[in-house]
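Novice: Below is a structure I'd like to ask you about.
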Amino acid sequence: MGKHLLGAVATLIGLIIGAGVIGIPYVVAKSGFLIGAIHIIVIGIAITIINLYVGEIALRTPGKHQFTTYAEKYLGKWGKKAMLLALMVSIYGALAAYLIGEGISLSQVFGISPNIAMLLFFVVMAFFIFRGLNIIEGAEIYLNIFRFIVIGVVIVFAFLKIDFSNLTTINTSYFLFPYGVVFFAFLGAVAIPELKEELKANKKLLKKAILIGSIIPIVFYLLFAAVVVGVLGSGATEIATTGLADALGRPMMVLGDLFAIVSMATAFLVAGLALKWVYQFDYRMNRHIAFALTCFVPLLIAFAGVAGFTKILAVTGAVAGGVEGTLIVFMHRKARLQGKPEYSIKSRWWVNALLVIMFVGGIAYTFATL
């Protein structure tokens with residue numbers, strides 16, 4: 001795999017695998033592993049298709065743009081407003097979840113208050129976002145190697161303590177429970193326009209980068225959920241790594257928390273910069289206002305305590321992800337009349353219909369069960 005392709009894959013994986021992965025075992029344990037695995041596979045395939053659609057849209061549209069500009073070009077003013085709303089809910093939900101998750105993980109490692117840990121993390125991330133410093137740019141490959149080595153060690157040790165009877169439990173009353181959190185865990189399409197820029201010397205690699213970067217999380221989520229649920233069963237906690245302490249000991253807990261800390265920090269920085277640039281470049285806002293809107297809204301959400309870690313992930317994934325996915329389906333149909341991209345995905349009506357039904361159904365289910 002070439003260096004540029006590897007870098008693009010690492011960028012996509014780096015944004016996808018964030019707070020969602022450490023929330024998956026809890027919801028999968030509630031429904032039962034087999035039901036959870038169905039969610040991971042089906043949603044993973046759906047999001048892979050959506051990511052390929054976004055890649056084609058980006059290739060068909062000259063210039064460097066964010067989602068809102070694509071939506072306006074292909075769907076009009078209403079599309080831009082709807083996409084902005086979806087992006088704001090998605091990114092704000094993600095940033096708030098990352099703050100809560102980082103507070104819990106850092107407090108376990110360093111023995112300080114979760115709120116203090118959250119504030120310290122916020123100050124560091126806010127500094128980089130204010131300065132527009134993507135400190136992980138160019139280092140995504142090494143960060144992903146580090147993260148997978150760390151979590152690989154945890155998975156190997158956890159595998160030795162799996163009780164396979166924990167993986168056969170099925171709770172049909174929780175059949176749809178994993179939907180929102182799993183959906184959230186796959187959100188990362190906002191990184192794809194950036195992938196186009198990374199691969200501008202060889203845009204033909206974009207399709208391969210999206211496929212690899214979308215499929216690896218499916219496999220990883222299945223493995224991680226199987227191991228954690230296999231060890232903890234119904235005792236799986238909202239933050240998966242916190243529940244591993246009693247089962248595997250503090251060293252493995254620290255390694256698990258280290259994986260969570262790095263995953264959420266990298267995703268926080270990428271998502272935060274993306275939202276700031278939407279405000280700053282697409283909406284021509286003053287950079288200070290763009291920064292304040294990006295950073296302080298999720299901080300207020302996190303400290304307000306209106307919802308816990310899992311609830312934020314579920315609502316954000318189902319609602320924001322559902323709206324975003326539906327808009328992308330319609331954008332792709334319109335964009336197919338534009339330009340000559342390096343790859344093209346056939347827009348089959350029945351595939352699009354199934355995607356829209358799934359996305360809209362997920363939104364309806366989430367509002368019905370709030």
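Novice: To the nearest 20 debye, what is the magnitude of the charge dipole of the chain about its Cα centre, counting +1 on the Cβ of each Lys and Arg and -1 on the Cβ of each Asp and Glu?
Specialist: Details: 28 positive and 15 negative charges, 294 e Å.
Once rounded to the nearest 20, the dipole reads 1420 debye.
Novice: Work out from phi, with θ = phi - 60° and the Karplus expression 6.51 cos²θ - 1.76 cosθ + 1.60, the ³J(HN,Hα) of each residue of region 227-241, listed in order in whole Hz, and give x for Gly and Pro.
Specialist: Along region 227-241, the couplings run 5, 5, 5, x, 7, 9, x, 5, x, 4, 9, 4, 9, 3, 5 Hz.
Novice: Just to be sure I understand: with springs between alpha-carbon atoms less than 10 Å apart, which residue in Ala265, Ala126, Ala247 has the highest mean-square fluctuation in the Gaussian network model of the chain?
Specialist: Maximum among the listed residues: Ala247.
Novice: Further, regarding this structure: Compute the acute angle (0 to 90°) between the alpha-carbon long axis of helix 19-31 and the principal axis of greatest extent of the alpha-carbon atoms of the chain; round to the nearest 10°.
Specialist: Helix 19-31 sits roughly 60 degrees off the main axis of the chain.
Novice: Another one. What order, most packed first, do the peptides 210-223, 108-121, 42-55 have when packing is the mean number of other Cβ atoms within 10 Å of each residue?
Specialist: Values: 210-223: 19.4, 108-121: 15.8, 42-55: 21.6.
Those peptides, ordered most packed to least, come out 42-55, 210-223, 108-121.
Novice: Given q = 0.10, 0.15 Å⁻¹, what are the Debye log10 I(q)/I(0) values for the chain, with equal point scatterers placed on the Cα positions and solvent ignored?
Specialist: Values returned for q = 0.10, 0.15 Å⁻¹ are -0.58, -1.38.
Novice: Using 0.36 nm per residue of separation minus the Cα-Cα distance, give me the extension gain between Val219 and Val356 in nm, one decimal.
Specialist: On the way: separation 137, 0.36 × 137 = 49.32 nm, distance 2.43 nm.
Working it through step by step, the gained length comes to 46.9 nm.
Novice: Where the centroid of each part is defined by its Cα atoms, how far is region 327-370 from region 219-234 in Å?
Specialist: 30
Novice: Moving on. How far is helix 140-159 tilted, in degrees, relative to the longest principal axis of the Cα atoms in the chain, given as a value from 0 to 90 rounded to the nearest 10?
Specialist: Its long axis makes an angle of about 30 degrees.
Novice: My understanding is that a pair violates if its Cα-Cα distance is over 24 Å; which of Lys207/Lys334; Lys3/Lys73; Lys3/Lys208; Lys196/Lys311; Lys77/Lys203; Lys81/Lys334 do that in this structure?
Specialist: In this structure, Lys3/Lys73; Lys196/Lys311; Lys77/Lys203 lie more than 24 Å apart at Cα.
Novice: Tell me the mean residue ellipticity at 222 nm calculated for the chain from its helices only (DSSP H runs of n ≥ 4, each -39500 (n - 2.57), averaged over every residue, nearest 500).
Specialist: Details: 16 runs with 276 residues, N = 370.
-25000 deg cm²/dmol, from helical runs alone.
Read-outs throughout are calculated quantities, based only on the coordinates presented, and are distinct from any laboratory measurement. Worth saying up front: this structure is predicted, and the values here are computed from it rather than measured. All Cβ positions, glycine included, derive from the backbone under ideal geometry; neighbour counts span all protein chains shown.
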